[in-house]
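Each remark here refers to the structure printed beneath this line.
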Amino acid sequence: MSQNPEPVYDRIREEVAVRAERLWDVGLALHRSPETAFEEREAARLLTGELEREGFEVERGVAGLPTAFTGRTGSGDGPCVALLLEYDALPLLGHACGHNLIAAAGLGAALAVRGALGEVPGSLLAVGAPAEERGGGKVVEVEAGLFDGVDAALMFHPGVYSWSWAPLTASAQIRVAFHGRAAHPTGNPTEGIDALGALIQLFNTLGVLDRRLPAGSHVQGIITDGGRATNIVPEYAEGLFGLRGATTAALEDLVEEVRSCAQGVATATRTRVEVTGVGGRYEHFRDNEVLSGLFAHHLDRAGIPLSEPEPGVYLGSSDIGNVSTRVPAVHPFVAIMGSDASDHTPEFAEAAAGPRGRRVMLAAAEALACTAADVLLRPEVPEEAWACLREKAAAGL
Ligand SMILES: [Zn+2]
Ligand SMILES: [Zn+2]
């Protein structure tokens, strides 16, 4: 039976309000000591300490990642909600992606839900997800089964737009290596097979391919090895290619296209080609409209309206994609700067420690907590969220 959640929302508001200073201190502490991917030792120590202090059962080093963690509470009997905390920073730029605000809001939401509900019916999980910027901690956590049994994975991301969901593409990297034959370019030119020439040909071929790719699909390449000396025909050349697709299926198609282009070039140039995947694959973000609608509704009450993303605009890729294709998930953007600004800049880092950042973090904590309460207290919510995920999966979205 569904409970009337209004009194719970009121209690959540109070629970966030009494912790506002502390949550902001956590956000600022992370901001002052930025740690990059997989190095987030102080961040993990600080956040797990805060969770333990309020009675969460903490497990450190989950999924084989030293700076990942979970904090768990609840009766275990019922739905399971995961609040996702990111806390890695960017090299040289510090918290220019505002992950300090994601961590503070996720922590605030977890503490507020527990505070408001007392005994949590079901399970409430705070998931420390390291290395979003490089390496993809959530990809590893998904593969380790950390999200098995989760009914809702909730987080927000600060940005320059206020959008109810994140248009994030699927992405992968591949390395293409051409093998030719070394020779003296004037002494023995007919013996040489130019591997660099083949690689350059591949770039030209991909330029032609690019024109017929569907919206959201994209290839960006760099040359990582182009030979050693101008008096040797290069026997080896290597390029690294970043591939993106609006959906994971579109990305898979693109990988196959690039592979067959490389093969075609190898045949034409009498080289041999090797194509290998590099690093983990990020899947596209599958928004769960049931949950993102609830989040938007709650945030609106704090005076921050969210809109749909601008059609055709993609904001990169993230490891939340791999979570979102498996369990109902939200990843809204909430603006801490105007849309003429950009994340991954010194100005954005400054905003992540500024008054608007603070306001957004606290509003997001409250809206995340209210959405979590909806999942825990209203049985129709997780049911509808799963139906939404299954429907989109069947449609390949
Ligand atoms: Zn970023
Ligand atoms: Zn980010």
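The values are calculated or read from the model by the stated rules, or taken from the named source; none is laboratory data. In this text, all values refer to a predicted model and were calculated from it rather than measured experimentally. Heads up, the Cβs are rebuilt from the backbone with ideal geometry, glycines too, and the neighbour counts pull from every protein chain shown. Note: areas computed on protein heavy atoms with side chains; ligands, DNA, RNA excluded. Shrake-Rupley method; radii C 1.70, N 1.55, O 1.52, S 1.80 Å.
Scanning the stretch 60-102 for residues that are away from ligand 1 (no atom under 16 Å from the Cβ), buried (at least 19 other Cβ atoms within 10 Å of the Cβ) and at positive phi gives Ala63, Gly74. Take the stretch 126-146 and flag every residue that is more than 16 Å from ligand 1 (Cβ to nearest atom) and β-branched (Val, Ile, Thr). Residues satisfying the conditions are Val127, Val140, Val142. When every residue of the stretch 272-288 is checked against the conditions, at least one turns out to be out of contact with any Gly (no Cβ under 9 Å at 6 or more places or on another chain), more than 16 Å from ligand 1 (Cβ to nearest atom), outside any strand (DSSP E or B) and within 19 Å of Met155 (Cα to Cα).
Do we find a residue being farther than 28 Å from Val142 by Cα and within 23 Å of the chain's Cα centre (by Cα) anywhere in the stretch 73-92? Checking the stretch 73-92: at least one residue is farther than 28 Å from Val142 by Cα and within 23 Å of the chain's Cα centre (by Cα).
If you go through the stretch 64-104, how many residues are part of a helix (DSSP H, G or I) and touching a strand residue (DSSP E or B) at 6+ places or on another chain (Cβ under 9 Å)?
Taking the stretch 64-104 and keeping what is part of a helix (DSSP H, G or I), we get 64, 99-104.
Next, from what is left, pick out any that are touching a strand residue (DSSP E or B) at 6+ places or on another chain (Cβ under 9 Å): 99-104.
Going through the stretch 64-104 one residue at a time, the tally reaches 6.
Residue pairs whose Cβ atoms lie under 7 Å apart, sitting 6 or more positions apart in sequence or on different chains, and linking a residue in the stretch 240-262 that is more than 24 Å from Ala393 (Cβ to Cβ) to a partner that is surrounded by fewer than 22 Cβ atoms within 10 Å (Cβ to Cβ) and of a type in the set (Lys, Arg), are Leu240/Arg175. Has the stretch 119-137 got any residue that is modelled with pLDDT of 95 or more, of a type in the set (D, E, K, R) and within 16 Å of ligand 2 (Cβ to nearest atom)? Within the stretch 119-137 (the criterion being modelled with pLDDT of 95 or more, of a type in the set (D, E, K, R) and within 16 Å of ligand 2 (Cβ to nearest atom)), the answer is yes, since at least one residue qualifies.
Only one entry of Leu213, Leu202, Leu196 meets the criterion of being surrounded by 12 or more Cβ atoms within 10 Å (Cβ to Cβ) and under 19 Å from Glu252 (Cβ atoms), and that entry is Leu213. Against the numbered list (1) more than 11 Å from Leu51 (Cβ to Cβ); (2) out of contact with any strand residue (DSSP E or B) (no Cβ under 8 Å at 6 or more places or on another chain); (3) open to solvent by less than 10 Å² (accessible area, probe 1.4 Å), Leu111 comes up short only at (1).
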